[in-house]
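Only one structure is covered here, and it is reproduced in the block below.
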Amino acid sequence: MNNLKNSVHLIGHLGKDPEIRTFEDGRKLAKVTIATKDTYKNSNGDKVIETQWHNLVAWGKTAELMEKLLSKGNEVAIQGKLTHRTYEDKEGVTRNFTEIVINEFMKIGMAMRA
């Protein structure tokens with residue numbers, strides 16, 4: 001049951017190419033957003049498609065693989081944990097930020113181009 005604590009699983013499409021940052025010690029950080037869609041019928045019986053955007057980060061080997069394998073529009077399955085950060089912006093306003101730290105990902109499907 002320990003593996004179920006703070007575990008997030010999503011399948012969606014990347015909103016942009018992974019943004020990669022390389023630190024002085026060679027470690028890499030990847031940041032990207034993923035869109036997930038939920039479809040349902042509202043009270044009038046109309047089909048509604050709702051898109052949610054999620055902030056993702058990955059470190060080390062996972063970030064390196066994301067840099068090599070992923071690009072905007074790719075469909076991916078991710079597994080990670082939910083984290084919350086609080087920081088102060090340039091104007092001194094406290095901001096809250098939620099993101100998913102990726103442990104594993106899998107590219108789904110292959111886009112065919114002529």
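Since every read-out is calculated from the coordinates, none of them should be taken as a lab result. Here the structure is a predicted model, which is why all the values come from computation and not from measurement. All Cβ positions, even for glycine, are placed from backbone atoms using ideal geometry, and neighbour counts span all protein chains on display.
Brief remarks on what is shown
- The chain: projected area of the alpha-carbon convex hull, averaged over directions, in nm²: 12.0
- Of the chymotrypsin sites (Phe, Trp or Tyr not before Pro) in segment 5-114, the ones in a loop by DSSP (not H, G, I, E or B) with at most 15 other beta carbons within 10 Å are PHE23.
- Measuring gaps between exposed loop sites in the chain (trypsin sites (Lys or Arg not before Pro); DSSP loop; at most 15 other Cβ atoms within 10 Å), the longest gap, sites not included, is 28-71.
- Net length available on complete extension from ILE49 to GLU64 is 2.1 nm, with 0.36 nm assigned per residue and the Cα-Cα distance removed.
- Over 19 Å (Cα to Cα) - which of LYS16/LYS107; LYS28/LYS90; LYS5/LYS28 fall in this group: LYS28/LYS90; LYS5/LYS28
- Annotation note: GluC sites (Glu not before Pro) in segment 1-104 located in DSSP loop regions with a Cβ neighbour count of at most 16 within 10 Å are GLU24, GLU91.
- Highest-fluctuation residue, THR86, THR98, THR33 considered, GNM on the chain with Cα pairs under 10 Å: THR86
- Segment 1-34-segment 55-114 distance, computed between alpha-carbon centres (Å): 3
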